[in-house]
1. So, in nm, how far is label residue 23 from label residue 53 when the simple model puts each one 7 Å beyond its Cα toward the Cβ?
2. Label-point separation (nm) for residue 85 and residue 71, each offset 7 Å from Cα along Cα-to-Cβ?
3. Which of 25, 67, 33 moves the most in a Gaussian network model of the chain with Cα springs under 10 Å?
4. Quick one, what does Rg over Rh come out to for the chain if you take C-alpha atoms and the Kirkwood Rh?
5. Based solely on its DSSP helices, what 222 nm [θ] is calculated for the chain when runs of n ≥ 4 H residues each add -39,500 (n - 2.57) and the sum is averaged over all residues, nearest 500 deg cm²/dmol?
6. Determine how many Å³ per residue the convex hull of the Cα atoms of the stretch 46-102 encloses.
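Taken together, the values in this text are just the output of simple stated rules run on the coordinates, not laboratory data. None of the values given here were measured: they were computed from a predicted structure. Positions of Cβ are generated from backbone atoms using ideal geometry, with glycine treated the same way; all protein chains shown enter the neighbour counts.
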Amino acid sequence: MSKKMLGDLMKQAQKMQQEMGKIQEESKKKTVEASSGGGMVVVVANGALEIISIKIEKDVVNPEDIEMLQDLVAAAVNEALRMAQQMVGDDMSKLTGGMNIPDMGGMLG
């Protein structure tokens, strides 16, 4: 491989890295919303995989059945995080043209 080809390849890699950083920053501003229990628990997460808010309807708060509420919160949080990961993955695949780049998940953290 010539020095020019190697230099061009390095420039392309740096450009892609900069674009990925931009996408990650933009993803922090984007949110997804997931719910469980027919909307009794609603969770909003962002593209940085942070929980922005959790809304719980009063009707689902039952001191006699805390386990159900815990299950509903866990289900909504897990779905919101899954959706946020999918959103970021979709944004990244636009940049990479669908190429599977190893350790893409490690770049999110």
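1. In this crude label model, residue 23 to residue 53 measures out at 2.9 nm.
2. 2.3
3. Fluctuation is largest for 67.
4. Rounded to two decimals, Rg/Rh equals 1.21.
5. Rounded to the nearest 500, it is -19000 deg cm²/dmol.
6. It is 90 Å³ per residue.
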